[in-house]
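Single-structure report; data block below.
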């Protein structure tokens, strides 16, 4: 299952985006979002998120 970013917890720092090996994360205004079609569910983004906003779906 792809990972998802909880918008309420995301601070838009981009740490997840910089860590994603398949570039499945993009900036959407002041938040980040995961493209489920590109996500390979590696978990790198979840580990990189300083606020714990990213979870496996």
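Rule-based calculations on the coordinates, nothing more; no lab input. On a predicted model such as this, the values are computed, not experimentally measured, just so you know.
Annotations for the structure displayed:
- As a length-normalised measure over Cα pairs under 8 Å and 6 or more apart, the relative contact order of the chain settles at 49 percent.
- Calculated [θ] (222 nm, deg cm²/dmol) that DSSP helices of n ≥ 4 give over the chain, each run adding -39,500 (n - 2.57): -3500 deg cm²/dmol
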